[in-house]
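No lab work stands behind these numbers, since they all come straight from the coordinates. Quick caveat: nothing in here was measured; it's all calculated off a predicted structure. For neighbour counting, all protein chains shown are included, and Cβ atoms are generated from backbone atoms with ideal geometry for every residue, glycine included.
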């Protein structure tokens, strides 16, 4: 059967059986929208609160004490402030994207704005992953350049240990830790935003 | 107590709700998803209703907002659930001259459209609804020539799906 005939079938299709009453429609208008872009903004916000709380709790519980001994606390705090500023900028972008998306626009404009949402999230994830790597590398260089840095940090203060040997072990442990952290973070973002973006991505294939 | 704006909206929307149901049917595959999308479209149309200036027909404007919502804002991904398919319940006609073959053909058409991507779905839907190319182009934000080219490609895709 050709499309013209299918079109006739389409035109003659019966009216919807489950008509929604005016009262039900009115009730629907009173409920909240549930859009993907809105959820990206909300999740971004919650994520910010989550990391902020973790950081705060870590500092309170003395997780940073060894770094105080190494005089690296200023570096860590400044890096954190910088990070918060960037994340807040991203949140502003998320909000702007969310308010840009309008179903009244034509589809092309809407798709362009959705592409922007996708790009922003992508850059946000890249930024977070790169941030972890850069932070870890700088921190490690600083520890290495501090006399007895590794000993203070590892809590082992025994001169009988071969310092060169300690250094190589330390480097390997650090590389493994960074790799594990990156993997966990990547998984975290993949689950968080990947699923949300899946629907938005589909239309560009 | 409903305002005049709300009354006008409800009146306009109720009269044209069939459009929304058809869109929900091509963009979702079961009744739960259908209801979710219907609600989201209702919210979007109401949210923007005060901005509707009456420059075009309400139904034309409604096509655009509904399709855009279905294309981009719908949160749940279109899972292809074959079980509990609503096609069995939705198309029963109670009239005397009930024709079963028409029912089967309609089901085949809907299933075929569901295989297309979201933009192609919108194109084919506007074609089936007999919208002129000028309106299709405006709704999608492309030129009329581009709309014709895209439409031909989409029709070919659908033909292949319907007649493998």
Review point. For residue A:185 and residue A:142, what does the FRET efficiency come to when R0 = 22 Å and r is the distance between their Cβ atoms, rounded to the nearest 0.05?
Key: 0.50
Check your understanding: Taking each residue of B:109-120 in turn, how many C-beta atoms of other protein chains fall within 10 Å of its C-beta, and what is the average?
Key -> 2
Check your understanding: Shape call for the stretch A:43-162 from the C-alpha gyration tensor, a ≥ b ≥ c root eigenvalues: rounded (a/c under 1.5), prolate (a/b greater than b/c) or oblate?
Key -> prolate
Check your understanding: What's the average, rounded to a whole number, of partner chain beta-carbon atoms within 10 Å of each residue's beta-carbon in B:40-49?
Key -> 5
Point to revise | For the stretch B:1-78: relative contact order, % (alpha-carbon pairs under 8 angstrom, 6 or more apart) | key: 38
Review point. Label points 7 Å out from Cα along the Cβ direction at residue A:38 and residue A:119: separation in nm?
Key: 2.6
Point to revise | the protein assembly as shown - mean residue ellipticity at 222 nm from DSSP helices (-39,500 (n - 2.57) per run, n ≥ 4, rounded to 500) | key: -24000 deg cm²/dmol
Revision key, fill the gap. Within 10 Å of the Cβ of an average residue in A:108-115, the count of other chain Cβ atoms is 4
Study note, to complete from the structure: If each part is reduced to its alpha-carbon centroid, the stretch A:60-107 and the stretch B:126-164 end up apart, in Å, by 45
Review point. How would you rank B:37-48, B:60-71, highest first, on the average number of other Cβ atoms within 10 Å across their residues?
Key: B:60-71, B:37-48
Practice item. Please determine, in degrees from 0 to 90 and to the nearest 10, the orientation of helix A:73-100 with respect to the longest principal axis defined by the Cα atoms of chain A, where the helix direction is its Cα long axis. Key: 10
Study note, to complete from the structure: Taking a ≥ b ≥ c as the square roots of the eigenvalues of the Cα gyration tensor, with a/c under 1.5 meaning rounded and otherwise prolate when a/b exceeds b/c and oblate if not, the protein assembly as shown is prolate
Exercise for review: Tell me the label-point distance for the pair residue A:75, residue B:7, using the 7 Å Cα-to-Cβ offset, in nm and rounded to one decimal.
Suggested key: 7.2
